[in-house]
Amino acid sequence: MPIRMLRERMGMTMCELADRMGVSVATVSRWETGEMIPVTTRLRALADVLHCTADELLGREPPAESS
């Protein structure tokens, strides 16, 4: 799920997310447009703030279960 959708699901503005993450609004905007991907340490914190997994932030589907 894109970062913007996750942020909006939490009822947060870009400014609120930027403040919680300690980054600029421009950085949050770049994350949301895909211009930039958060570094690993920020990715974990972002997932915590947005109550999701890092895989969700990256748009990665869980691996298919083998039978």
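Rg/Rh for the chain to two decimals, with Rh computed the Kirkwood way over all alpha-carbon pairs.
1.01
Treat each spin label as a single point 7 Å out from the Cα along the C-beta direction, and report the T33 to R60 distance in nm.
Placing both labels 7 Å along Cα→Cβ, they lie 2.6 nm apart.
With each pseudo-label sitting 7 Å past Cα toward Cβ, what's the H51-R20 distance in nm, one decimal?
Placing both labels 7 Å beyond Cα along the Cβ direction yields 0.9 nm.
So what is the calculated 222 nm ellipticity per residue for the chain, using -39500 (n - 2.57) for each DSSP H run with n of 4 or more, over all residues, to the nearest 500 deg cm²/dmol?
Working: 5 runs with 38 residues, N = 67.
That comes out to -15000 deg cm²/dmol.
Return the FRET efficiency for the residue pair T41, T13: r is the Cβ-Cβ distance, R0 is 30 Å, and the value is rounded to the nearest 0.05.
Calculated transfer efficiency: 0.85.
Summarise the accessible area of the chain (1.4 Å probe, protein heavy atoms) by the percent that is carbon and sulfur.
C and S fraction of accessible area: 52 percent.
Report the relative contact order of the chain, percent, no decimals, based on alpha-carbon pairs under 8 angstrom and at least 6 residues apart.
36
The values are calculated or read from the model by the stated rules, or taken from the named source; none is laboratory data. Just so we're clear, the structure is a prediction, and the values are computed from it rather than from any experiment. Cβ coordinates were reconstructed from backbone atoms using ideal geometry, including for glycine residues, and neighbour counts include every protein chain displayed. Keep in mind that these areas ignore ligands, DNA and RNA; they rest on the heavy atoms of the full protein, side chains included. Shrake-Rupley method; radii C 1.70, N 1.55, O 1.52, S 1.80 Å.
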